[in-house]
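**Student:** Take this structure first; my questions come after.
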Amino acid sequence: MIVLIGVLVVIVGFATKRNPLLVVGVAGIATGLLGGLSPREVLAAFGEGFASSRAVTIFAITLPVIGLLERYGLQEQARTVISRFAKLTTGRFLTLYLGLRQLTAALGLNSLGGPAQTVRPLVAPMAEGAAEKRYGPLPERAREKVRSYSSSADTVGLFFGEDCFLAVGSILLITGFVNTTYDQQLEPLQLALWAIPTALCAFLIHGARMLRLDRSLARELAAPGGDRVRTAAEEATK
């Protein structure tokens, strides 16, 4: 049981808001040493784990590319494009993205979206642009709300869409475990089909929340006469 100290290290490290990479590294070293491994064997285990999951380091390439695109006006162009669609509100745009994210995830194209490569440089600026088209410059509170809804559209779409794909890891794990442990003949197609109703419910429920965002922004940013309500921060700057 002493090797479970590594789990305690992770809990304490995250609770005290330490660097996640440092916490996981210390926990791994502690677990290996307490489990009877030599320092050389612990280092070899880290090397094997890194070599077998090299795709994790792909961010070292994508982040600089996204940074260069943003530096040269990617977000501004996204806002300009969305402002050309008169009837496309923030809620409607995010609902469309939610459906697109679910559809692509159901086809196994998980890498087409994501918080870093899609939401931050494209989806969030376009959602903000749709709101600014109606209400003008957004206060910080409303801007953060739009960004959080943009991120939730990506997360919910991926989470409930990927289970409709036959070769996703969770489907294969469930079928392998059930077939091996309970001597069943469960096929991945069966689980994928049963995931479709759940994905549809997720789209309807979260899509309704996205559409309610338009009313929420209208209450916060527009007075009954149609004029924007100035926040205390805006008043203070004048």
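**Student:** Is one or more of the residues making up region 93-103 more than 18 Å from the chain's Cα centre (by Cα) and of a type outside the set (F, W, Y)? If you could, list the steps in order and put the result at the bottom.
**Tutor:** The first filter runs over region 93-103 and keeps only residues more than 18 Å from the chain's Cα centre (by Cα), leaving none.
No, there is no match, as no residue in region 93-103 is more than 18 Å from the chain's Cα centre (by Cα) and of a type outside the set (F, W, Y).
**Student:** I'm trying to understand the selection: among the residues of region 1-19, which are in contact with a helix residue (DSSP H, G or I) (Cβ under 7 Å, 6 or more places away or on another chain) and either surrounded by 11 or more Cβ atoms within 10 Å (Cβ to Cβ) or among the small types (G, A, S) (or both)? If you could, list the steps in order and put the result at the bottom.
**Tutor:** Quick first cut of region 1-19, residues in contact with a helix residue (DSSP H, G or I) (Cβ under 7 Å, 6 or more places away or on another chain) only: 2-3, 5-6, 9-10, 13-14.
V3, I5, G6, V9, V10, G13, F14, listed by residue number.
**Student:** Please verify whether region 132-148 includes one or more residues that are touching a helix residue (DSSP H, G or I) at 6+ places or on another chain (Cβ under 7 Å), modelled with pLDDT of 85 or more and among the polar types (S, T, N, Q).
**Tutor:** no
**Student:** Can you find, within region 115-157, the residue that is most open to solvent (accessible area, probe 1.4 Å) among those that are aliphatic (A, V, I, L, M) and more than 19 Å from L211 (Cα to Cα)?
**Tutor:** First pass over region 115-157, keeping only residues aliphatic (A, V, I, L, M): 116, 119, 122-124, 126-127, 130-131, 138, 142, 146, 153, 156.
If we keep only those that are more than 19 Å from L211 (Cα to Cα) as well, we get 116, 122.
Working: A116: 47, L122: 64 Å².
If we take residues in region 115-157 being aliphatic (A, V, I, L, M) and more than 19 Å from L211 (Cα to Cα), then L122 is most open to solvent (accessible area, probe 1.4 Å).
**Student:** I'd like to verify a number: residues in region 209-238 that are at pLDDT 85 or above and either open to solvent by 50 Å² or more (accessible area, probe 1.4 Å) or of a type in the set (V, I, T) (or both), how many?
**Tutor:** Summing the residues that are at pLDDT 85 or above and either open to solvent by 50 Å² or more (accessible area, probe 1.4 Å) or of a type in the set (V, I, T) (or both) in region 209-238 gives 6.
The values are calculated or read from the model by the stated rules, or taken from the named source; none is laboratory data. Worth saying up front: this structure is predicted, and the values here are computed from it rather than measured. Virtual Cβ from ideal backbone geometry, glycine too; neighbours counted across all protein chains shown. Side chains are part of the model used for accessible areas, which takes the heavy atoms of the whole protein and leaves out ligands, DNA and RNA. Shrake-Rupley method; radii C 1.70, N 1.55, O 1.52, S 1.80 Å.
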